[in-house]
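First the structure, in the form of structure tokens, and then the observations on it.
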Amino acid sequence: MTVPAKNKPMNIKHLPKVELHLHLDCGLSYEVVSRLNPAVTREIYQEEFVAPAKCLNLADFLTRAVKGYKLMQTAEALTLVIEDMFRQLAASNLVYAEVRFAPLQHLDGGLTSFEVVDIANKAFERCIHQFKIEARLILCTLRHYSTDQSMETVKLVEQFRGTNVVGFDIAADEAGFPIDPHIAAFKYARENGIFITAHAGEARGAESVWETLEHLRPTRIGHGVRSIEDPLLVNYLIAQNIHLEICPSCNVQINLYNSFTDHPINELYRAGVSLNVNTDAPAIVDTTLNREYQLLVDNFGWTATDFYTCNVNAVKAAFISAELKEKLLQKLGEQFSLPNAL
Ligand code: HPA
Ligand code: ZN
């Protein structure tokens, strides 16, 4: 496989990309929102669906997510939002994406949780072929959910085994709610061979990452950036090959860091932690994966080689078969070598 030459100028838009941390309900474009609710003007969208450049904290940031999922309560709405998401993936030249959402947030219109996942899975199947982008779904439980709600969510992942539904996650307010009620669902996931990731080390520090690794035992951590506060933890992540799904602008926006330059992604990467670059919530953060890459070039001088390395690590950490990993690695190798990408 050809590895790209160092320090060449690059065309970010054409770089092939892999995204592992992307919330479906936090990525509605203005076009899809106005189609679902024509009363929403651009000004209202900006005010209600996009967060200010600086939020007080994660909980403040998450108040914007409510607007998105409230609009996604029917089969038609869910399908339109998924098509909208794939259009955005195509615009950043994604070759593989894992998209997550909490199915139990979509029951207000009378759908059952099974129907919600079935609709999303079928829409993914259609879009994967239409857009020629490989993509899979991760189902999230939420920190404020009960043990029963977490169990219902993990059992949905099991029921959809062999489809585009491939993993289980815990999201929402890390600082406001403990992980204890969810330990049983993650145990169930492990016992049933379900891939696991978990949000941690974002609204709380390294101790939260340790706690999550000990009790939920994920192979990946959503964010995990505050691992940098504990060198022993950084060494542990490297030794155990725990992959960090890093979402730089999102972390700056929830006020973890003053500016992009203060973000520890470069330090974690140079230390040898397996990580990749993600948007988390493109609508709320008002970003794209192309923009995140550009910010990494501007702030840390990242080269095509650095993006290649991160994307290879993302494929290796993806919740897919060895065959598909091999196919994607080959695609990355080929596209990173194209003259218009470098
Ligand atoms: N953290 C936790 N839950 C979330 C986030 C996040 O950054 N974004 C959307 N849901
Ligand atoms: Zn997230």
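The values are calculated or read from the model by the stated rules, or taken from the named source; none is laboratory data. Bear in mind the structure is a predicted one, so any value in this text is a computation, not a measurement. As a convention, Cβ positions derive from the backbone with ideal geometry for all residues, glycine included, and neighbour counts pool all protein chains shown. We work out accessible area using only protein heavy atoms, side chains counted, and drop any ligands, DNA or RNA first. Shrake-Rupley method; radii C 1.70, N 1.55, O 1.52, S 1.80 Å.
Of everything in the range 70-87, what is assigned to a helix (DSSP H, G or I) and open to solvent by less than 40 Å² (accessible area, probe 1.4 Å)? Give them in sequence order. If the condition is that a residue be assigned to a helix (DSSP H, G or I) and open to solvent by less than 40 Å² (accessible area, probe 1.4 Å), then Ala77, Leu78, Thr79, Leu80, Val81, Ile82, Asp84, Met85, Phe86 are the ones that fit. A count restricted to the range 135-152 and to residues that are crowded, with 19+ Cβ neighbours inside 10 Å and either free of Cβ contacts under 8 Å to residues at least 12 places away in the same chain or farther than 14 Å from Met85 by Cβ (or both) stands at 7. Just one residue in the set Leu89, Leu22 is within 16 Å of ligand 1 (Cβ to nearest atom), closer than 22 Å to Val297 by Cα, touching a strand residue (DSSP E or B) at 6+ places or on another chain (Cβ under 8 Å) and of a type outside the set (Phe, Trp, Tyr); that residue is Leu22. Residues in the range 199-221 that are among the basic types (Lys, Arg), in a loop (DSSP other than H, G, I, E, B) and surrounded by 19 or more Cβ atoms within 10 Å (Cβ to Cβ): 0 in all.
Gly162 satisfies every condition listed in (1) open to solvent by 10 Å² or more (accessible area, probe 1.4 Å); (2) assigned to a strand (DSSP E or B) except (2). The helices (runs of 4 or more DSSP H) found wholly in the range 222-296 and carrying at least 3 residues that are open to solvent by less than 30 Å² (accessible area, probe 1.4 Å) and within 16 Å of ligand 1 (Cβ to nearest atom) occupy 248-253, 282-285. Contact map, the range 22-36: residues that are under 23 Å from Arg136 (Cα atoms) and within 11 Å of ligand 2 (Cβ to nearest atom) paired with residues that are open to solvent by 20 Å² or more (accessible area, probe 1.4 Å) and in a loop (DSSP other than H, G, I, E, B), Cβ distance under 8 Å, separation 6+ or inter-chain. Pairs shown: Cys26/Arg64.
Checking Ala189, Ala185, Ala171 one by one, the residue that is crowded, with 19+ Cβ neighbours inside 10 Å and within 16 Å of ligand 1 (Cβ to nearest atom) is Ala171 and no other.
Only one entry of Pro38, Pro52 meets the criterion of being more than 16 Å from ligand 1 (Cβ to nearest atom) and either open to solvent by less than 50 Å² (accessible area, probe 1.4 Å) or in a loop (DSSP other than H, G, I, E, B) (or both), and that entry is Pro38. Checking Val18 against (1) in contact (Cβ under 8 Å) with a residue 24 or more places away in the chain; (2) surrounded by 14 or more Cβ atoms within 10 Å (Cβ to Cβ); (3) in a helix (DSSP H, G or I): exactly one of these is not met. Which one? The single condition Val18 does not satisfy is (3). Could you go through the range 102-121 and let me know if any residue there is open to solvent by 10 Å² or more (accessible area, probe 1.4 Å), under 27 Å from Val312 (Cβ atoms) and free of Cβ contacts under 8 Å to residues at least 40 places away in the same chain. Within the range 102-121, none of the residues are open to solvent by 10 Å² or more (accessible area, probe 1.4 Å), under 27 Å from Val312 (Cβ atoms) and free of Cβ contacts under 8 Å to residues at least 40 places away in the same chain.
Please specify each residue of the range 297-342 satisfying the condition of being within 25 Å of Gly167 (Cβ to Cβ), surrounded by 19 or more Cβ atoms within 10 Å (Cβ to Cβ) and free of Cβ contacts under 8 Å to residues at least 40 places away in the same chain. Of everything in the range 297-342, just one residue is within 25 Å of Gly167 (Cβ to Cβ), surrounded by 19 or more Cβ atoms within 10 Å (Cβ to Cβ) and free of Cβ contacts under 8 Å to residues at least 40 places away in the same chain, namely Val312. Considering every residue within the range 190-198, establish whether at least one is within 23 Å of His243 (Cα to Cα) and in a helix (DSSP H, G or I). The answer is yes; a qualifying residue exists.
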